[in-house]
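The values are calculated or read from the model by the stated rules, or taken from the named source; none is laboratory data. On a predicted model such as this, the values are computed, not experimentally measured, just so you know. Here the Cβ positions follow ideal geometry from the backbone for every residue, glycine too, while neighbour counts run over all protein chains shown. We work out accessible area using only protein heavy atoms, side chains counted, and drop any ligands, DNA or RNA first. Shrake-Rupley method; radii C 1.70, N 1.55, O 1.52, S 1.80 Å.
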Amino acid sequence: MNRRRFLKAGALGSLGVAGQAIASNGNLTLGLQTPTEIEGPFYPLIAQQDTDFDLTKVKGRKAKALGQHIVIHGVVIDTEDNPIEGATVDLWQANAAGRYSHPHDPNPAPVDDNFQGWAIVPSGRNGEFRFSTVFPGIYPVGGGWSRPPHIHFKVTKKGYIELTTQMYFPEQPLNKIDRLLQRKSKEEQKLMIAEKSSDKPNTFYYRIIVEKA
Ligand SMILES: [Fe+2]
């Protein structure tokens, strides 16, 4: 967290004048951005033809990916709540068994050849993006540590600071003991955990907030 971000978070935490204005405005994230997180070792190495928004199927293959199929939709906005059109949302994740399609993943869990694993989706007119995928599996990291289900994101757009982060899912017991997520403040964790859609099953909402360069 750089000094500017820290000061912003501090102002919100203490609910100073700015904080009150934010609270009455009903938008508690105004002024904050999505916290950064490490890229991790499994950013795709091998180019693939199919990087579209539907990760549950791979071009040229009939069978669908194994696991629980879910939809993630959301928006890319700036710290003043303005939608950002044409941002590149680059995302990658483990399959339902917790295995990345990556040559250096030591997890013995099977690769799913019908799972795309990686997508690059642009944000649309109102900053919106959407993709279909599988609920990512838990995987061991060593030392008794297992990562909770998560999706890696890299979000870029000219004029904005590149954001690399990890998105988590609500109500996951491993969130509470994850060594990465638990380094974040409660407020930051909220910004990193997607919301469950109240009216649509298997659907999650995730807001990505980037900062102007
Ligand atoms: Fe990961």
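I'm trying to understand the selection: among the residues of segment 25-78, which are of a type in the set (G, A, S) and touching a helix residue (DSSP H, G or I) at 6+ places or on another chain (Cβ under 8 Å)?
If the condition is that a residue be of a type in the set (G, A, S) and touching a helix residue (DSSP H, G or I) at 6+ places or on another chain (Cβ under 8 Å), then G31 is the only one that fits.
Let me confirm something: among K59, K158, which residue is in contact with an Asp or Glu (Cβ under 7 Å, 6 or more places away or on another chain) and surrounded by fewer than 14 Cβ atoms within 10 Å (Cβ to Cβ)?
K59
Return a yes/no flag: does segment 164-176 have any residue that is over 26 Å from A65 (Cβ atoms), open to solvent by 20 Å² or more (accessible area, probe 1.4 Å) and not aliphatic (A, V, I, L, M).
Yes, the conditions are met somewhere in segment 164-176.
Since E187 meets every condition but one in (1) touching a helix residue (DSSP H, G or I) at 6+ places or on another chain (Cβ under 6 Å); (2) farther than 15 Å from G40 by Cα, which condition does it not meet?
(1) is the only condition that E187 fails.
Which pairs do you get when a residue that is of a type in the set (F, W, Y), found in segment 89-111, comes within reach of a residue that is near the ligand (Cβ under 10 Å from one of its atoms) and at pLDDT 95 or above, reach meaning Cβ atoms under 6 angstrom, with the pair 6+ apart or on two chains?
W92/H152; Y100/F42; Y100/A94
Residue under question is L15, and the condition is that it be modelled with pLDDT under 50, out of contact with any strand residue (DSSP E or B) (no Cβ under 9 Å at 6 or more places or on another chain) and open to solvent by 30 Å² or more (accessible area, probe 1.4 Å); does it hold? Talk me through it step by step, then tell me what you get.
On the way: modelled with pLDDT under 50: yes; out of contact with any strand residue (DSSP E or B) (no Cβ under 9 Å at 6 or more places or on another chain): yes; open to solvent by 30 Å² or more (accessible area, probe 1.4 Å): yes.
Yes: the conditions hold for L15.
Could you identify the single residue in N82, N2, N95, N25 that is open to solvent by less than 30 Å² (accessible area, probe 1.4 Å) and either at pLDDT below 95 or assigned by TED's automatic domain parsing to the domain that holds K196 (or both)?
When all the criteria are applied, what remains is N95.
Could you please give the count of residues in segment 164-187 that are within 16 Å of the ligand (Cβ to nearest atom) and either in contact (Cβ under 8 Å) with a residue 24 or more places away in the chain or in contact with a Leu (Cβ under 7 Å, 6 or more places away or on another chain) (or both)?
So the answer is 14.
Inspect all residues belonging to segment 188-195 and state whether any of them is free of Cβ contacts under 8 Å to residues at least 60 places away in the same chain and assigned to a helix (DSSP H, G or I).
First, the residues of segment 188-195 that are free of Cβ contacts under 8 Å to residues at least 60 places away in the same chain: 189-190, 193, 195.
In the following step, the residues that additionally are assigned to a helix (DSSP H, G or I) were identified as 189-190.
Yes, there is a match, as at least one residue in segment 188-195 is free of Cβ contacts under 8 Å to residues at least 60 places away in the same chain and assigned to a helix (DSSP H, G or I).
How about segment 71-155: which strands (runs of 3 or more DSSP E) wholly inside it have at least 1 residues that are within 16 Å of the ligand (Cβ to nearest atom), closer than 17 Å to F42 by Cα and acidic (D, E)?
Passing ranges, in order: 88-92.
Residues of segment 196-206 being in a loop (DSSP other than H, G, I, E, B) and in contact with a Lys or Arg (Cβ under 8 Å, 6 or more places away or on another chain), which ones?
Those that are in a loop (DSSP other than H, G, I, E, B) and in contact with a Lys or Arg (Cβ under 8 Å, 6 or more places away or on another chain): none in segment 196-206.
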